[in-house]
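Participant: Please find one structure pasted underneath; my questions will follow.
Derivation of every value follows stated rules applied to the coordinates shown; laboratory data play no part. Everything numeric in this text was worked out from a predicted model, so none of it was measured. Ideal geometry is used to build each Cβ from the backbone, glycine not excepted, and the neighbour counts take in all protein chains shown.
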Amino acid sequence: MKKALGILLLFTNGLICFGQEFSTAFQEQIKKAQQEHQIPAISVNLITPDTIYTFVNGKVRTTKKERITPEAKFHLGSNSKAITSFIAMHLSENNSITWDTSFFELFPELKASSDKAYEAITLSDLLSHNARIKPYTTGTALAKFNSLAGTTSEKRYAFSKAVLAETPAKTGTYSNAGYVLAALMLEKASGKTFKQLLDETMNELDLDYFIGFPNKENEMFPWGHIEENGSFIALDPNHPYKLPSYMSSAGDLSMNSADYAKFIQLNLNGLLGTDNYLTSEDYKTLHFGKASYAYGWGNIVKDGAQLSYHDGSTGTYYCHTVVFPEKKIAVVLMANTASQEAVKALYELQKTISDNPKTVIK
């Protein structure tokens, strides 16, 4: 689905270097962490304004010898929310929608059947988890919607209608469902399906992606692993566990290391003052426009410096992304397991990189 762009990615930074290698010593440290913490496949990335250092290593699954390639996709989980918010911001720049657009301005027919607490919710509220929409972060909670019929957009509409009729959650509740409603708003405002919006955005950026677990696209991409009854099990492409199609905007995108790192590099450069696909000011809004959680990005102040971050997991893969504007770096780690030990190892590797990035590339 990739196509030539010719207008982006080489915008103002001169030569951008992709796929540069980490030091041999740091590569060995990553391999050791994999072995000690049962991480079958891993992707580690250090991103600077003009260079991406990448190490992709491991097996498709624990029980086979097939090695993954640099093109292998990993599941982003809830890191997909940053892409949804990115698309929303692009539409706002083109005046298709605004951050203050009311949900019921676009769907007045749903107002009568919705709880009154939702009367004033906006696109901004939905993308920043301030709409009091219930979370729907587990398969058990979503099970009651298994019988939804029709196209993905029709399911998204039916899901949204049902959710809006429910008792509101507490203020500030992190909500996957809120991102479903947001995608519905983007569809109505643009006259395109969310999949079409994804395709257009990724094509314009010359990035590849897939909706769903990566091994459903290609069996040689990493299989997700879970711990079940004391065993470490790889879920094959035909395993029934998957996210509903209408949840793609909340957490069901997969990308390979290089393309996801390029997307994060756009964000990093935007935060450093460079206009690219979005304006620099809009990147600052996405990452830091609201305290704690802005739009697809959480944020904190650490050691006097702002940083933005997001983690994503459906229990079978894990993606950990942190952007350090003041250090002029971002760090991305992805794995095909979300065990506690594996996640701890990813955080330790991230800290090693971010504390002194020069040491891992010598």
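Participant: Within 10 Å, count the other beta carbons around each residue, average over each peptide in 164-170, 122-128, and list them highest first.
Facilitator: 122-128, 164-170
Participant: For an R0 of 51 angstrom, estimate the FRET efficiency from the Cβ-Cβ distance between ASN95 and ASP236 and round to the nearest 0.05.
Facilitator: According to the calculation, E is roughly 0.65.
Participant: Ignoring everything except DSSP H segments at least 4 long, calculate the 222 nm mean residue ellipticity for the chain; use -39,500 (n - 2.57) per segment, divide by total residues, nearest 500.
Facilitator: -10500 deg cm²/dmol
Participant: Listed here are the pairs LYS64/LYS358; LYS111/LYS144; LYS116/LYS242; LYS32/LYS351; LYS32/LYS73; LYS32/LYS242; which of them are more than 24 Å apart at the Cα?
Facilitator: Distance filter (> 24 Å) returns LYS64/LYS358; LYS116/LYS242; LYS32/LYS242.
Participant: Under a point spin-label approximation (7 Å from Cα along Cα-to-Cβ), what is the ASP50-GLU36 distance to one decimal in nm?
Facilitator: Using points 7 Å along Cα→Cβ, the separation is 3.6 nm.
Participant: Can you order the peptides 57-64, 264-271, 71-78, 142-149 by their average number of other Cβ atoms within 10 Å per residue, highest first?
Facilitator: Order by mean packing, descending: 71-78, 264-271, 57-64, 142-149.
Participant: Using packing as a proxy for protection, rank 226-238, 20-32 so that the peptide with the highest average count of other Cβ atoms within 10 Å comes first.
Facilitator: The densest-packed peptide leads the list: 20-32, 226-238.
Participant: Another one. If you stretched the chain out fully between ALA305 and ALA291, how much longer would it get, using 0.36 nm times the residue separation minus the C-alpha to C-alpha distance?
Facilitator: 3.7 nm
Participant: From the square roots a ≥ b ≥ c of the eigenvalues of the alpha-carbon gyration tensor of region 290-362, which class results: rounded (a/c under 1.5), prolate (a/b over b/c), or oblate?
Facilitator: Since a/c reaches 1.5 but b/c is at least a/b, the shape of region 290-362 is classed as oblate.
Participant: Grab the beta carbon distance between GLN340 and PHE18, set R0 = 41 Å, and tell me the FRET efficiency rounded to 0.05.
Facilitator: In this case the efficiency is close to 0.80.
Participant: Quick check: pseudo-label points 7 Å beyond the Cα along Cα→Cβ at ALA149 and GLU326, how many nm apart are they?
Facilitator: Label-label distance for ALA149 and GLU326, simple model: 5.7 nm.
Participant: Taking the Cβ of ALA162 as the center, what net charge do the other residues with Cβ under 12 Å away carry, scoring Lys and Arg +1 and Asp and Glu -1?
Facilitator: Result for the neighbourhood of ALA162: +3.
Participant: Moving on to the next point. Rounded to the nearest 0.05, what FRET efficiency do GLU204 and GLU28 give with R0 = 41 Å and r taken as the Cβ-Cβ distance? Could you check?
Facilitator: 0.60
Participant: Helix 340-355 versus the longest principal axis of the chain: what angle, 0 to 90°, nearest 10, using Cα atoms?
Facilitator: Its long axis makes an angle of about 70 degrees.
Participant: On C-alpha positions alone, give me the angle between the axis of helix 176-190 and the longest principal axis of the chain, in degrees, nearest 10.
Facilitator: 70
Participant: Would you kindly state how much longer the chain becomes between GLU66 and THR167 on full extension, computed as 0.36 nm times their sequence separation minus their alpha carbon distance, in nm to one decimal?
Facilitator: 31.5 nm
Participant: Over region 25-74, what is the relative contact order in percent, taking alpha-carbon pairs closer than 8 angstrom and at least six residues apart?
Facilitator: The value is 26 percent.
Participant: Students often get this wrong, so try it: which of (i) 19.3; (ii) 17.9; (iii) 22.9 is mean projected area of the Cα convex hull in nm² as calculated from the structure shown?
Facilitator: Working out mean projected area of the Cα convex hull in nm² from the coordinates points to (ii).
Participant: Starting from the coordinates of the alpha-carbon atoms of region 84-195, obtain the Kirkwood hydrodynamic radius over all distinct pairs and give the value in Å to one decimal.
Facilitator: Roughly 14.1 Å, rounded to one decimal.
Participant: Hey, another quick one. From the square roots a ≥ b ≥ c of the eigenvalues of the alpha-carbon gyration tensor of region 163-252, which class results: rounded (a/c under 1.5), prolate (a/b over b/c), or oblate?
Facilitator: oblate
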